[in-house]
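Following: one structure in structure tokens, then a few remarks.
The values are calculated or read from the model by the stated rules, or taken from the named source; none is laboratory data. If you're wondering where the values come from, they're calculated on a predicted model, not measured in any experiment. Cβ placement follows ideal geometry from the backbone for every residue including glycine, while neighbour counts extend to all protein chains displayed. Surface areas here come from the heavy atoms of the whole protein model, side chains and all, with no ligands, DNA or RNA. Shrake-Rupley method; radii C 1.70, N 1.55, O 1.52, S 1.80 Å.
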Amino acid sequence: MSYLTLSLALIFVLIPIFLSKTLKLGLEKDTIIATVRSIIQLLAVGYVLTFVFDAENFIYITLMVILMIAAATQNAQKKGAAIKGITWKLIGTFVFVEVLTQAILLGFQITPPTAQYIIPISGMVVGNSMVLSILFLNRFTSEIETRQNETELILSLGGTPKQAIHLSLMASIKASMIPTIESQKTIGLVQLPGMMSGQIIAGADPVQAVQFQLLILFLLLTTAAVTSIMLGFLSYPTLFNKQMQMLKLDTETNNS
Amino acid sequence: MNTLNDTAVQFKQVSYSDGELQIIKNVTGTFPKGKITTLVGPSGAGKTTLFRLCNGLISPDSGEILINGKNINSYEPTELRRMAGLALQSATMLSGSVYKNLSMPLTLQGEEFSEAAAKDLLKDVGLDTDFLHRNVKDLSGGQRQKVSIARTLVNKPKILLLDEITSSLDRVSQEEIETLIKKINNNYQVTIIWITHNLQQALSIGEYTWVMMNGELVESGESSLLSHPQNDKVKHFVKGDTE
Ligand SMILES: Nc1ncnc2c1ncn2[C@@H]1O[C@H](COP(=O)(O)OP(=O)(O)OP(=O)(O)O)[C@@H](O)[C@H]1O
Ligand SMILES: [Mg+2]
């Protein structure tokens with residue numbers, strides 16, 4: 001595809017801008033920003049990847065992964081601003097998920113240890129881990145508020161913080177994992193996954209593309225489970241003090 | 001009534017504030033051991049907040065609270081909360097059955113609560129035993145209050161903090177609960193602190209009373225003080241309430 005034909009694709013950007021303007025949705029500016037950012041970011045990544053793939057140097061691969069984790073943390077931490085030390089908890093979670101999944105993939109030789117595999121897979125793992133974190137944090141902060149009376153009741157009856165927060169924690173972990181599991185049930189029927197579609201368009205054998213997509217799907221199940229559970233268990237202790245009292249959630253700072 | 005051995009709960013210059021708002025202002029006073037003391041005062045006086053302090057759900061900004069002569073900070077939080085049992089006005093229920101709610105205090109300690117014991121408890125608070133497997137969703141406000149009291153009793157607290165527990169009950173139920181609490185007080189020497197807005201009830205059930213207003217303890221002593229208060233503000237409050 002040439003850049004000229006790609007520029008024709010901007011028609012798909014003009015349609016929402018036009019609709020937003022006529023319906024006064026006020027989304028024009030965000031749409032333009034999103035478009036410009038995606039063009040710059042993806043082109044940059046394209047060139048960087050070409051370089052990294054050519055170099056096949058482990059340091060570059062690690063740097064790429066660190067960059068991904070930094071970006072994911074930056075994005076997710078806004079949703080957890082009410083939880084103390086959320087930045088480090090997110091970093092810990094992303095690093096753990098990335099190391100765990102790559103250890104299994106490379107350790108069992110499921111995928112070869114080349115940049116061509118490690119980087120896109122890491123991107124999907126960290127990206128999904130980020131989405132899961134955001135889903136979890138959103139749900140957890142709202143659960144804490146709505147279940148405040150129950151949490152205090154359990155404390156007042158002599159329960160520990162862990163027992164008191166148990167219902168909120170489990171509900172949030174479950175709720176954040178449901179989209180991943182549900183979307184897998186209808187995958188292939190309702191939508192073709194983006195990566196598989198990309199491979200098929202680029203000319204890969206559909207069956208091979210499917211095999212690879214399955215690998216990613218299974219990987220994302222682990223990512224989802226490990227992310228919400230780990231983040232949950234890292235987060236809840238910061239909601240209580242030493243005297244097992246519930247601290248006030250600083251929801252003012254959680255402005256989105 | 002002021003010697004250490006006769007005191008269950010002692011407040012020493014206790015203050016508590018939430019942000020800018022000072023809710024409890026330099027409260028000093030005692031609750032005699034094994035007695036029923038009522039806690040009265042206008043809405044927003046800080047009565048519920050005082051209970052949350054006793055149960056350790058919040059800590060004072062300054063001052064000390066002693067239970068049986070020991071600073072409450074020296075107890076394990078879970079131990080303190082079982083010892084100073086709290087039943088709140090809101091009667092929050094955990095979703096599920098009445099049995100689940102009654103078992104919760106023991107479940108939290110990894111123990112079981114037998115159905116037979118739960119049924120006895122239901123009878124004590126004046127509920128039919130077939131309530132045991134009802135869902136709490138289907139209970140009336142008064143029935144929830146009764147379950148909430150029963151649930152607090154499961155921990156066998158030495159101090160019972162009752163916050164307006166009879167305010168949504170009819171006359172008969174109210175008397176049943178009063179009788180039960182008096183019985184618990186008598187049989188097990190449990191210290192009772194009872195918040196009520198019903199001055200008639202305060203006079204009839206409690207030997208002692210605390211009057212709180214605007215975060216301060218304005219009068220305390222034998223309940224008869226409510227019949228002829230010294231403090232002008234208390235006079236006004238008593239009048240307004242009994243009219
Ligand atoms: N969690 C809280 N955060 C902020 N302010 C609170 C909180 N709980 C209570 N307050 C404030 O503290 C004051 C005392 O409240 P409290 O509930 O102790 O009063 P009360 O005497 O129990 O009143 P009522 O008879 O209406 O139950 C009130 O002004 C209330 O708005
Ligand atoms: Mg109150």
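Going through the stretch B:166-201 one residue at a time, which ones are open to solvent by less than 90 Å² (accessible area, probe 1.4 Å), under 25 Å from B:MET213 (Cα atoms) and in contact with a strand residue (DSSP E or B) (Cβ under 8 Å, 6 or more places away or on another chain)?
Residues satisfying the conditions are B:THR191, B:ILE192, B:ILE193, B:TRP194, B:ILE195, B:THR196, B:LEU199, B:GLN201.
Does the stretch B:27-35 contain at least one residue that is farther than 16 Å from B:THR191 by Cβ and within 16 Å of ligand 2 (Cβ to nearest atom)? Lay out the reasoning, then the answer.
First, pick out the residues of the stretch B:27-35 that are farther than 16 Å from B:THR191 by Cβ: B:27-28.
Keeping just the survivors that are within 16 Å of ligand 2 (Cβ to nearest atom) gives B:27.
The answer is yes, given that some residue of the stretch B:27-35 is farther than 16 Å from B:THR191 by Cβ and within 16 Å of ligand 2 (Cβ to nearest atom).
Tally up the residues in the stretch B:45-73 that are open to solvent by 40 Å² or more (accessible area, probe 1.4 Å), within 13 Å of ligand 1 (Cβ to nearest atom) and touching a residue at least 60 places away in the same chain (Cβ under 8 Å), please. Even if it seems obvious, please write down each step before you answer.
So in the stretch B:45-73, the residues open to solvent by 40 Å² or more (accessible area, probe 1.4 Å) come out as B:48, B:52, B:61-64, B:68, B:70-71, B:73.
Then keep just the ones that are within 13 Å of ligand 1 (Cβ to nearest atom); that gives B:48, B:52.
Next, only the ones that are touching a residue at least 60 places away in the same chain (Cβ under 8 Å) stay: B:48.
Within the stretch B:45-73, residues that are open to solvent by 40 Å² or more (accessible area, probe 1.4 Å), within 13 Å of ligand 1 (Cβ to nearest atom) and touching a residue at least 60 places away in the same chain (Cβ under 8 Å) number 1.
Being more than 9 Å from chain A (Cβ to nearest Cβ), crowded, with 19+ Cβ neighbours inside 10 Å, among the charged types (D, E, K, R) and without any contact (Cβ under 8 Å) to a residue 60 or more places away in the chain is the requirement here; does B:LYS146 meet it?
Numbers: more than 9 Å from chain A (Cβ to nearest Cβ): yes; crowded, with 19+ Cβ neighbours inside 10 Å: yes; among the charged types (D, E, K, R): yes; without any contact (Cβ under 8 Å) to a residue 60 or more places away in the chain: yes.
So B:LYS146 passes the test.
Helices (runs of 4 or more DSSP H) wholly in the stretch A:52-168 with at least 2 residues that are within 23 Å of A:GLN41 (Cβ to Cβ) and hydrophobic (A, V, I, L, M, F, W, C) - which ones? Even if it seems obvious, please write down each step before you answer.
Details: elements: A:58-76, A:86-107, A:115-146, A:148-156.
So the answer is A:58-76, A:86-107, A:115-146.
Just to be sure, is B:THR78 more than 7 Å from chain A (Cβ to nearest Cβ), outside any strand (DSSP E or B) and open to solvent by less than 50 Å² (accessible area, probe 1.4 Å)? Lay out the reasoning, then the answer.
Numbers: more than 7 Å from chain A (Cβ to nearest Cβ): no; outside any strand (DSSP E or B): yes; open to solvent by less than 50 Å² (accessible area, probe 1.4 Å): yes.
No: the conditions fail for B:THR78.
It is to be established whether one or more residues within the stretch B:15-24 are more than 9 Å from ligand 1 (Cβ to nearest atom) and either open to solvent by less than 20 Å² (accessible area, probe 1.4 Å) or at positive phi (or both).
Scanning the stretch B:15-24, I find at least one residue that is more than 9 Å from ligand 1 (Cβ to nearest atom) and either open to solvent by less than 20 Å² (accessible area, probe 1.4 Å) or at positive phi (or both), so the answer is yes.
Considering each residue of the stretch A:160-191, count those that are closer than 19 Å to A:GLY80 by Cβ, hydrophobic (A, V, I, L, M, F, W, C) and open to solvent by less than 50 Å² (accessible area, probe 1.4 Å), and give that number.
Result for the stretch A:160-191: 6.
Just one of (1) touching a residue at least 12 places away in the same chain (Cβ under 8 Å); (2) crowded, with 20+ Cβ neighbours inside 10 Å; (3) within 27 Å of B:ARG81 (Cα to Cα) trips up A:LEU220, so point out which.
Exception for A:LEU220: condition (3).
Does the stretch B:82-89 contain at least one residue that is touching a residue at least 12 places away in the same chain (Cβ under 8 Å), within 16 Å of ligand 1 (Cβ to nearest atom) and more than 21 Å from A:GLY158 (Cβ to Cβ)?
No, there is no match, as no residue in the stretch B:82-89 is touching a residue at least 12 places away in the same chain (Cβ under 8 Å), within 16 Å of ligand 1 (Cβ to nearest atom) and more than 21 Å from A:GLY158 (Cβ to Cβ).
Could you tell me which residue of the stretch A:43-87 is nearest to A:TYR236 (Cα to Cα), considering only residues that are in contact (Cβ under 8 Å) with a residue 60 or more places away in the chain and open to solvent by 50 Å² or more (accessible area, probe 1.4 Å)?
Out of the qualifying residues, it is A:LYS84.
Can you tell me which residue in the stretch A:125-149 is farthest from A:LEU217 (Cα to Cα), limited to those that are of a type in the set (A, V, I, L, M, F, W, C) and more than 8 Å from the chain's Cα centre (by Cα)?
Kept after step one, since they are of a type in the set (A, V, I, L, M, F, W, C), are these residues of the stretch A:125-149: A:125-126, A:130-132, A:134-137, A:140, A:144.
Narrowing further to those that are more than 8 Å from the chain's Cα centre (by Cα): A:135-137, A:140, A:144.
Working: A:LEU135: 18, A:PHE136: 19, A:LEU137: 23, A:PHE140: 25, A:ILE144: 31 Å.
Going through the qualifying residues, I end up with A:ILE144.
Would you confirm, using the coordinates I've provided, whether B:LEU122 is in a helix (DSSP H, G or I), away from chain A (no Cβ under 11 Å), open to solvent by less than 20 Å² (accessible area, probe 1.4 Å) and without any contact (Cβ under 8 Å) to a residue 40 or more places away in the chain? Working first, answer last.
Working: in a helix (DSSP H, G or I): yes; away from chain A (no Cβ under 11 Å): yes; open to solvent by less than 20 Å² (accessible area, probe 1.4 Å): yes; without any contact (Cβ under 8 Å) to a residue 40 or more places away in the chain: yes.
Criteria met by B:LEU122.
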